[in-house]
Amino acid sequence: MPKKRGADIVVDVLIEEKVDTVFGLPGGAIMEVYDALFNAPFKNILTRHELAACHMADGYARATGKVGVVMATSGPGATNLVTGLATAHMDSVPLVAITGQVPTHYIGTDAFQEADVTGITRPVTKHNFLVTDIKDLALILREAFYIARTGRPGPVLVDIPKDITQQVYDYKMPTLKDVEEALPGYKPHYEGNIAQIKKAAKLIRQAKRPILYVGGGAVAAEAQEELVKLAEMAKIPVTTTLMGKGAFPEDHPLALHMLGMHGTYYANMAVYNSDLLIAVGSRFDDRVTGKIDEFAPEAKIIHIDIDPASISKTIHVDVPIVGDVKKVLQKLIKELERKPVEWDEARESWIKLIEKWKIEHPLTYDRKSKIIKPEYVVEEIYNITKGEAIITAGVGQHQMWAAMFYKYKFPRQFINSGGLGTMGFGFPAAVGAKIARPDKEVIAIEGDGSFLMNIQDIATAVQYRVPVKVAILNNEFLGMVRQWQELFYDSRYSSVCLSTQPDFVKLAESFGAVGLRATKPSEVKKVLKEAMSINDRPVIMDFAVDREENVLPMVPAGKSYREMILHPGEKGEAETMYLVG
Amino acid sequence: MREEIKSLKIRQMPETTVRRHVIAVRVQHNVGVLSRITGLFAGRGYNIESLTVGQTHEPNIARITIVVNGDERVVEQIIKQLRKLIETLKVRDITDVPHIERELALIKIHTADSSVRDEVMRLVNIFRAKVIDVSPDTYTVEITGDQDKINAFIDLVRPFGLKDVSRTGVLAVVRESQKDKVEI
Ligand SMILES: Cc1ncc(C[n+]2csc(CCOP(=O)(O)OP(=O)(O)O)c2C)c(N)n1
Ligand SMILES: [Mg+2]
């Protein structure tokens, strides 16, 4: 190998890792790397904010399963990444962040734009590195990619002092073997213990009221085929978490859609009354369980997860299985093929009961409203895209409506910040997803509050001609906070009114994007149709929706499913709850 | 139906008891590994009683002994979170494995009164400790042993007046006769 600059070694490793796009924004400490990027054979997207770059890399990764790459300079550039890294970390998204650092001999002197970036990002990354010697540079970068994409995926940050990017070194590209040898303690467990899998199969055969509770781990493992097979062969209804959307096709007769705080009545009822809960790549988040000791109170629990630390963390599990969701499901299916579930009356009536709940309590809203209902906009987005679009969301009510009223068919179709709940995520994530999947329609369903939190990056989407669509469900409120104030703080609307806001149509136009607006239900379809016909620029659609619409049903935080608040017009909640069997 | 709701079941959790656990950890001794471990404890709200780190005979491998108070669930989580760290090589709860614990303490005792000196020396001998520094009004005592022994010694000399107590925290190793069963 010829002698190379540290910065060129960085580019070499990115090529070796088959990176086709990096997102970022340069500055002093990372200039050498940007100089090397000038001739790099992959796309280099200049964003208008490092946080947006991080969310774009995240959206890119979630849409493909590939590692997203983001770059930033030292100090403020790197600290701007923190929220994005934490977002990716909470949702197990594979990212590699490369940050410039002040030169080695300045570290610790409070030099210009110095920050202890490995210190700051330690709790929000899967792992991080500070490169202190150019000899280690290539190996560390390859370790970063390896750690990011294997096991339970996550973000990895590599902090590179400027002098190291400038030094010249006669290096050899490290092999996968070198990487594995450098990480002797890192051995993700993929296979799943066969004795445990047999125990799980036995519980499935014995169960009368089983249910599959599927999370983001099943999306990451792309285990849809296996899930459908398992659900069908043992006739087990499937509910997914917010992160698990698309892991199981939502138009399938066994689909119960989302559970938890804003879960469907039938999903929550089924979980509540189940006698066997099969958790697949899900982690018993408090937004799912509500009051933990009343969560599926009668159910035995099987928990399949790649991360041992997710198992028995918040809830005791009867049969833990550590492994890759796809591999474990394959083995479980084999076991159930060897000795199938015997169909009996109890299981038949369980399915019938759930079907009854589905018919009696579908998701609903006022379809005759003269004001645009946000749920209606989402349904029309579903219709016009024939359920095939990739949808991203910000955080708030609009995120929940995007989850509830669009039926997701395939993994990686719904992209949102589930774990951290990061406002400002939706739009840049959509840009990243569209760059990764130009073949797909990508629509960000945004809140008027959330969208403003990364509005500057419309410029990026315009510059690179990324034809993403944004649908703002504009309620002129921090709507989700307003909803909680209405329900739990006696309607004291403290600091939630956003009626002072830009004209989103003009704002879009000023960036060189297209702006459209609908203020009446009759205009919704027209606006959507027009937006779908534009394919060379971003389109921002402003939907003036009912300002005080609430997301329902709702299980208030920390409460039992029994205390679920239903949509007005539905029967009182507790009365309809009963235990079967 | 109301009645059925009243007779609701509550999810049964296994019984747990809080007690002292000794956790032995082997890690790659890289820069920052210690702050990863202490950060993990601080960030997740686990209370460490003591934590010691030191080199082993193998290059670039450090041995950490952590003493925590917690119930089985908390300790299981701690162990899993420690294992999750990329640089961790091995983690074991050795509480219930025959093992040896040692701690070192340096204790400065007020000895201005000469009658006190004799009593302190008597205790030092009984506990097989050592006086390692003497000044007109202070004895500095070095003592090693398990935590109970050191606690007992400190309690006995406390009435004379303590100027300073410095403890290393617990080091623990599994007894060699158990080695084939437990690797750490
Ligand atoms: C960065 C950040 N700050 C604050 C919050 C708390 N929060 C959750 S939802 C929400 C309101 C979001 O408003 P908007 O984007 O307009 O969505 P809506 O609920 O109105 O649909 C807020 C402030 C958050 N999730 N993220
Ligand atoms: Mg809003």
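With θ taken as phi - 60° and the Karplus curve 6.51 cos²θ - 1.76 cosθ + 1.60 applied, the whole-hertz 3J(HN,Hα) list for segment A:147-152 is 5, 4, 9, 9, x, 7 Hz, x standing for glycine and proline.
With Cβ to Cβ distances under 14 Å as the rule, what net charge do the other residues near A:K407 carry (K, R +1; D, E -1)? Don't skip to the end; give the middle numbers.
Details: positive: A:K245, A:K358, A:K386, A:K409; negative: A:E250, A:D251, A:E375, A:E379, A:E380, A:E388.
Neighbourhood net charge equals -2.
Taken over the alpha carbons of segment A:4-182 as equal point scatterers, the Debye sum produces base-10 log I(q)/I(0) values at 0.12, 0.18 Å⁻¹ of -0.46, -1.13. Around the Cα centre of the protein assembly as shown, unit charges on the Cβ atoms of Lys, Arg, Asp and Glu (plus for the first two, minus for the last two) sum to a dipole of about 1360 debye.
For the set A:K291/B:K80; A:K66/A:K334; A:K4/A:K177; A:K66/A:K407; A:K469/A:K526, the pairs lying more than 18 angstrom apart at their alpha carbons are A:K291/B:K80; A:K66/A:K334; A:K4/A:K177; A:K66/A:K407. The chymotrypsin sites (Phe, Trp or Tyr not before Pro) found in segment A:335-433 that occupy coil by DSSP, while having at most 15 further C-beta atoms within 10 Å, are A:W343.
Across the cross-link table entries A:K126/A:K331; A:K43/A:K327; A:K245/A:K352; A:K3/A:K162; A:K18/A:K409; A:K245/A:K339, which are compared at the Cα atoms, the separations over 26 Å belong to A:K126/A:K331; A:K43/A:K327; A:K18/A:K409; A:K245/A:K339.
What is the sum of charges around A:G27, taking Lys and Arg as +1, Asp and Glu as -1, for the other residues whose C-beta is under 14 Å from the C-beta of A:G27? Summing Lys/Arg as +1 and Asp/Glu as -1 gives -3.
Under 1.5 on a/c is rounded, so check that first for chain A, then, if it is not, pick prolate when a/b is larger than b/c and oblate when it is not; a ≥ b ≥ c are the square roots of the alpha carbon gyration tensor eigenvalues.
On the way: a/c = 2.06, a/b = 1.27, b/c = 1.62.
Note, shape of chain A comes out oblate.
Sequence gap at least 6, Cα distance under 8 Å: using those rules, report the relative contact order of segment A:4-182 to the nearest whole percent.
On the way: 382 pairs, mean separation 46.9, N = 179.
It comes to 26 percent, rounded to a whole number.
Put in order of Cβ neighbour count within 10 Å, fewest first, the listed residues A:M56, A:M541, A:M233, A:M261 become A:M233, A:M261, A:M541, A:M56.
Please list, by residue number, every one of the chymotrypsin sites (Phe, Trp or Tyr not before Pro) in segment A:46-150 that is coil in DSSP and has at most 14 other beta-carbon atoms within 10 Å.
Details: sites: A:Y60, A:Y106, A:F112, A:F129, A:F145, A:Y146; in loops: A:F112.
Passing both the DSSP loop test and the Cβ count: A:F112.
Here B:E87, A:E523, B:E103 are placed in order of increasing Cβ neighbour count within 10 Å, fewest first, which gives A:E523, B:E87, B:E103.
Compute the relative contact order of chain A as a whole-number percentage, counting only Cα pairs closer than 8 Å that sit 6 or more residues apart in sequence.
Working: 1317 pairs, mean separation 78.5, N = 581.
Once divided by the residue count of chain A, the mean separation gives 14 percent.
With q set to 0.18, 0.24, 0.25, 0.27 Å⁻¹, the log10 of I(q)/I(0) for segment B:19-97, from the Debye formula over equal scatterers at the Cα positions, is -0.67, -1.20, -1.30, -1.50. Counting other Cβ atoms within 10 Å as a rough exposure proxy, the listed residues B:T17, A:T289 run B:T17, A:T289 from fewest neighbours to most.
Mean 1/r over all different Cα pairs, inverted: what Kirkwood radius does segment A:363-423 give, in Å?
Working: mean 1/r = 0.0816 Å⁻¹.
With all distinct Cα pairs of segment A:363-423 included, I get 12.3 Å.
Answer rounded, prolate or oblate for segment A:266-361, using the Cα gyration tensor with square roots of eigenvalues a ≥ b ≥ c: rounded when a/c is under 1.5, else prolate when a/b is larger than b/c, else oblate. Here segment A:266-361 falls in the oblate category. Restricting the calculation to alpha carbons of segment A:194-360 gives Rg and Dmax of 14.1, 41 angstrom.
Readers should treat all values here as calculations from the given coordinates under stated rules, not as data from a laboratory. The shown structure was predicted, so the numbers you read here are calculated from the model rather than taken from an experiment. Cβ coordinates were reconstructed from backbone atoms using ideal geometry, including for glycine residues, and neighbour counts include every protein chain displayed.
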